[in-house]
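Here the structure is laid out as structure tokens; the discussion comes afterwards.
The values are calculated or read from the model by the stated rules, or taken from the named source; none is laboratory data. Owing to the predicted nature of the structure, the values given are computational and were not obtained by experimental measurement. Here the Cβ positions follow ideal geometry from the backbone for every residue, glycine too, while neighbour counts run over all protein chains shown. Side chains are part of the model used for accessible areas, which takes the heavy atoms of the whole protein and leaves out ligands, DNA and RNA. Shrake-Rupley method; radii C 1.70, N 1.55, O 1.52, S 1.80 Å.
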Amino acid sequence: MKPILAKAQLDYMKAKNTFENRAKILEKEITAKRALQEISQDLMEELVQATGFHDAYNDLVIAENALIEWSHTTIKHEKSYRENRVAIDTMYESVNSSPEKRQELIQLSMKIR
């Protein structure tokens, strides 16, 4: 039986899949262009825009932020939150202090049912 996911979780999964697909397309374009010419910054910027990678990245960040916000709101109803409020709130406040912490919090947010 498939788990029931919240809208924020579904939106994140969709944005992540789109981002990963655009990244693959971008890699293929870079490989094709590299065979013909040197990849300059201007060409790279053009490829990032043309493949939709930039928009997919922005959408992913928005979905991640919404997921993190949703999980923080949702977890406040749990008994464990009330018992560990300071530690949990500190974790959410430091979400942008490192990519590793952010990714860990996103993974934890996806486990909430």
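Key figures for this structure:
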read-out: Residue match in region 18-41 (condition: surrounded by 13 or more Cβ atoms within 10 Å (Cβ to Cβ), free of Cβ contacts under 8 Å to residues at least 40 places away in the same chain and of a type in the set (K, R)); value: yes
read-out: Failed criterion for S80 (all others in (1) touching a helix residue (DSSP H, G or I) at 6+ places or on another chain (Cβ under 9 Å); (2) at pLDDT 90 or above; (3) open to solvent by less than 100 Å² (accessible area, probe 1.4 Å) hold); value: (2)
read-out: Residue list for region 47-77, filter: open to solvent by 70 Å² or more (accessible area, probe 1.4 Å), touching a helix residue (DSSP H, G or I) at 6+ places or on another chain (Cβ under 8 Å) and more than 30 Å from A32 (Cα to Cα); value: I62, E69
